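The values are calculated or read from the model by the stated rules, or taken from the named source; none is laboratory data. Since we're looking at a predicted model, the values are computed, not measured. Glycine also receives a Cβ, built like all others from the backbone with ideal geometry; neighbour counts cover every protein chain displayed. Note: accessible area is taken over every heavy atom of the protein model, side chains too, but ligands, DNA and RNA are not part of it. Shrake-Rupley method; radii C 1.70, N 1.55, O 1.52, S 1.80 Å.
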Amino acid sequence: MSRAAGVLALAAAAVVPWAQAHLDRALGDSRAQHEVLYLWKGAQVKRLVPGLEQLAADLYWLRTVQYFGGERVFAKDKRFDLLYPLIEITTTLDPRMEIAYRYGAVFLAERYPIGAGRTDLGLAVLERGVASNPSSWRLRQELGFFHFVYRHDAKQAAEVLLEASRLPGAAFWLKNLAAEILGKAGDRGIARRMWREMFEQSEGALKENARIHIMALDAADAADQLNEGVARFRERTGRLPRDLGELTAAGLARGPLVDPSGIPFEYDAQTGTVAVSRTSYLRRDDLMGETR
């Protein structure tokens with residue numbers, strides 16, 4: 001570390017506790033940890049910390065991540081009521097904090113109890129981010145992805161990705177992806193490409209979230225392959241297999257009969273239908289019936 005960087009780090013270390021104390025004194029009993037936060041808006045908090053907006057935004061973003069992680073991992077009865085207000089305050093204090101829009105939208109949109117299950121609020125956060133950062137092609141790309149993977153709106157997703165492709169520095173593949181979405185709406189391959197791009201461009205929680213979605217797509221594809229095996233077994237024998245083990249014995253299934261998380265696939269011997277188990281976190285009902 002250079003001497004200048006070291007001096008800045010020491011200065012920041014001294015300022016952060018002071019700023020935290022200043023912010024908490026200003027907010028009094030309406031701190032972010034309390035549900036009274038509903039009475040506060042970003043504009044109100046901003047007026048309390050003139051000249052310290054960016055530092056306050058960092059503190060509020062830390063509180064947001066701590067709140068979300070605490071509810072998701074430790075809370076028995078998970079509640080995410082404060083998530084959107086915290087994100088609104090953070091992005092009002094620092095409208096250019098792209099990480100808050102990107103992560104915040106996913107935290108809100110992921111199905112409960114992994115996230116808040118509020119796709120509408122996740123969309124609102126990303127739209128706010130795009131409006132505050134009109135030159136950011138990455139935020140607009142995220143908005144296009146969001147329309148496709150969470151709202152299943154291929155037309156809107158393609159339009160937003162085309163808008164992103166026109167911004168300076170935008171990825172060259174955005175136009176092609178927009179065209180593919182319009183031509184193959186409902187194709188799991190498109191969803192996989194989007195999640196792969198998210199995985200490669202992200203870090204931390206977003207990267208892990210993308211990895212899980214890719215695994216869910218893999219699980220849905222594997223279930224389809226087993227359903228094809230069931231159909232071939234019926235053609236050969238004139239009956240449905242009693243269990244999936246019969247597929248393996250007949251050479252119609254390879255490898256373990258589990259999804260990528262290790263949970264066995266469900267099999268209904270009455271209908272001959274294979275599906276990702278309801279007990280698996282890779283189960284995504286919206287992926288069933290889509291093409292590969």
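Descriptive notes on the structure:
- Total formal charge among the other residues, if their Cβ is under 11 angstrom from that of A100, Lys/Arg +1 and Asp/Glu -1: -1
- In this label model, L167 and H152 are separated by 2.8 nm, measuring between points 7 Å along each Cα→Cβ vector.
- Remark on T273: its backbone amide H falls under 5 Å from those of D268, a criterion applied only to residues 5 or more positions apart or on other chains, H modelled at 1.01 Å from N.
- Along segment 215-220 the Karplus relation, 6.51 cos²θ - 1.76 cosθ + 1.60 evaluated at θ = phi - 60°, assigns HN-Hα couplings of 4, 5, 5, 4, 5, 5 Hz to successive residues, with x for each Gly and Pro.
- Under the Karplus curve 6.51 cos²θ - 1.76 cosθ + 1.60, θ = phi - 60°, whole-Hz ³J(HN,Hα) for segment 168-179, x wherever Gly or Pro sits: x, x, 5, 4, 5, 7, 5, 4, 4, 5, 4, 5
- Segment D285-I114, extension gain: residue separation times 0.36 nm, minus the distance between their alpha carbons: 60.0 nm
- Residue-normalised accessible area of segment 134-241, given per residue in Å² at a 1.4 Å probe: 47
- Database remark: amide H of D259 closer than 5 angstrom to the amide H of F265 (H placed geometrically; neighbours at sequence offset of 5 or more, or on other chains; Pro and chain starts carry no H).
- Reported to the nearest whole Å, the Cα centre-to-centre distance from segment 227-292 to segment 46-99 is 43.
- Carbon and sulfur %, accessible surface of segment 133-292 computed with the full protein complex present, 1.4 Å: 51
- Whether segment 151-229 is rounded, prolate or oblate, judged on the alpha carbon gyration tensor where a/c under 1.5 counts as rounded: oblate
- Stretchable slack from N227 to A43, in nm (0.36 nm times residue separation minus alpha-carbon distance): 60.8 nm
- You can think of it this way: the chain between D81 and R239 has 51.7 nm of extra reach, that is 0.36 nm per residue less the Cα-Cα gap.
- Averaged over residues, the count of other Cβ atoms within 10 Å places the peptides 83-90, 61-68 in the sequence 83-90, 61-68, highest first.
- Shape class for segment 49-185, computed from the alpha carbon gyration tensor (a ≥ b ≥ c): oblate, with a/c not under 1.5 and a/b at or below b/c.
- The lysines whose alpha-carbon is closer than 29 Å to the alpha-carbon of K207, local same-chain residues fewer than 8 away aside, are K76, K78, K155, K175, K184.
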